[in-house]
Amino acid sequence: MAGPQFAAEVAEYVEGHLDWLRDLYRHFHSHPELSMAEHATADRIEQELTALGLEPKRIGGTGVVAVISNPAHAGAGTSGEVPTVLARADIDALPLQEDTDLEYASETPGVMHACGHDAHAAALLGATRILAENRDAWSGTYIAVFQPGEETAAGARAMVDDGLLERVPQPDLALSQHVMPTAAGTIGTVAGPVLSAGDSLKITIHGRGAHGSMPHTAVDPVVLASSIVLRLQTVVSREVEPGEFAVLTVGSLAAGAKANIIPDSAELLLNIRTYDPAVREQLISAIERIVRGECAAAGAPADPEFDYYDQYPLTRNDPGVTNTVTAAFVEHFGPRAVYEASRVTASEDFSLVPDAFGVPYTYWTVGSVDPARYRDAVSRGAVSQEIPANHSPHFAPEEESTLLTATRAQVVAALAYLGAERGSV
């Protein structure tokens, strides 16, 4: 069976595996595990891959990778050098108490798959199975990467640090997707920046404590922290060029424990989001300048401390890969199912993997809400009020449509390069 013919019949193959996909998805959903502790999840993924005759590897602690090498042959429709495609799914859950009426709801108190990673893992396993069982339909190498720790920005880095680049073939491109609260059966693609870079920052400022009745003997870190918060609000409005995107949020200010005691320190937690590396550096420089300046003006007895964490890279889709994959989606799903997505200010660590390999990539979204319900909410301007978003304890994708679309999307995107001449890199 030639590649293009197989691509046209992907829907039939995926629907034939629906019961298996549903069982996988329900298992992952009801047994969620937190970032970098996905031990049972990784075990199940390894079992499924081994059953396909593959030899999965553990990389990055709880990360799992499997490689299907499929040399060129006449039936696949490729010519010249065959490509290598890397496809990634994240597998970790969130520290949330699930509040849905699903019969397969989380069995782990305080932990929930509220961001669709259970569907991502099931879909990539589905794509891997279909490609493994239909090797006469394509040529090249397929690398399935099941990544831990996306929610803490630790997993992709852990896999790279654990030798991912040396332990799998060099890919020509990378693919990833994410379930979102949009209409089920639809796929969103966009070239260029699609997810913002994200940085979290803990700032510790030092004062001098005193009794509340003797404020003249103190350097009050509460007042100092309040001044810093107000000054930071001017960074985006007065230092970033109009038209550039930037968000600076002070999410926490903590100091003291008693009304009549001036504490000797305060702690600020900040988060910034950017689409441009230069703007990111501008924000970081401004934050540190303002904090140091305010501390000096207050006569702080020690320099402030800056601790950066949960740092996510920019996700910038390659135009060439995005156009090729989008064209394959339009051909397979139809033009009404594929739309140009908007940029999202959420962040991801996926791009660390293709950036480490030095290859282009694309990252698309898959809808998960009953289409009629979604259209009705849109018509009334009530999406944010009525449709649970990712990271909500009420997040519950439409099971069948989400699994079918996500699995087909992974296969079709891979076949754009592995199964047809037009997908050269």
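Within the range 230-248, can one find any residue that is in a strand (DSSP E or B), out of contact with any Ser or Thr (no Cβ under 7 Å at 6 or more places or on another chain), in contact (Cβ under 8 Å) with a residue 12 or more places away in the chain and not aliphatic (A, V, I, L, M)?
No, there is no match, as no residue in the range 230-248 is in a strand (DSSP E or B), out of contact with any Ser or Thr (no Cβ under 7 Å at 6 or more places or on another chain), in contact (Cβ under 8 Å) with a residue 12 or more places away in the chain and not aliphatic (A, V, I, L, M).
Looking at A300, A225, A266, which one is open to solvent by less than 70 Å² (accessible area, probe 1.4 Å), in a strand (DSSP E or B) and touching a residue at least 24 places away in the same chain (Cβ under 8 Å)?
A266
Need the failing condition index for P193 against (1) within 28 Å of the chain's Cα centre (by Cα); (2) not in a strand (DSSP E or B), just the number.
Failed condition: (2).
What do you reckon, is I284 under 21 Å from I203 (Cα atoms), touching a residue at least 12 places away in the same chain (Cβ under 8 Å), open to solvent by less than 50 Å² (accessible area, probe 1.4 Å) and in a helix (DSSP H, G or I)?
For I284, the condition - under 21 Å from I203 (Cα atoms), touching a residue at least 12 places away in the same chain (Cβ under 8 Å), open to solvent by less than 50 Å² (accessible area, probe 1.4 Å) and in a helix (DSSP H, G or I) - is met.
Being in a helix (DSSP H, G or I), touching a Gly at 6+ places or on another chain (Cβ under 7 Å) and surrounded by 16 or more Cβ atoms within 10 Å (Cβ to Cβ) is the filter here; which residues of the range 342-391 pass it?
none
Quick one: which of F333, F306 is within 19 Å of H178 (Cβ to Cβ), in contact with a helix residue (DSSP H, G or I) (Cβ under 8 Å, 6 or more places away or on another chain), in contact (Cβ under 8 Å) with a residue 60 or more places away in the chain and surrounded by 15 or more Cβ atoms within 10 Å (Cβ to Cβ)? I'd like the intermediate steps shown before the answer.
Numbers: F306 fails: within 19 Å of H178 (Cβ to Cβ).
Going through F333, F306 in turn, just one is within 19 Å of H178 (Cβ to Cβ), in contact with a helix residue (DSSP H, G or I) (Cβ under 8 Å, 6 or more places away or on another chain), in contact (Cβ under 8 Å) with a residue 60 or more places away in the chain and surrounded by 15 or more Cβ atoms within 10 Å (Cβ to Cβ): F333.
With respect to I45, determine if the residue is in a strand (DSSP E or B) and either aliphatic (A, V, I, L, M) or at pLDDT below 95 (or both).
Taking the combined requirement at face value, the residue does not satisfy it.
Conditions (1) touching a Leu at 6+ places or on another chain (Cβ under 9 Å); (2) open to solvent by less than 10 Å² (accessible area, probe 1.4 Å); (3) more than 25 Å from G63 (Cβ to Cβ), marked per residue:
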site: P95; (1), (2), (3): yes, no, no
site: G116; (1), (2), (3): no, yes, no
site: N134; (1), (2), (3): no, no, yes
site: T141; (1), (2), (3): yes, no, no
site: Q170; (1), (2), (3): no, no, no
site: H178; (1), (2), (3): yes, no, no
site: I187; (1), (2), (3): no, yes, yes
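The values are calculated or read from the model by the stated rules, or taken from the named source; none is laboratory data. Quick caveat: nothing in here was measured; it's all calculated off a predicted structure. When we count neighbours, we look across all protein chains shown, and the Cβ atoms used for this are built from the backbone with ideal geometry, even at glycine. With ligands, DNA and RNA removed, areas are computed over all heavy atoms of the protein, side chains included. Shrake-Rupley method; radii C 1.70, N 1.55, O 1.52, S 1.80 Å.
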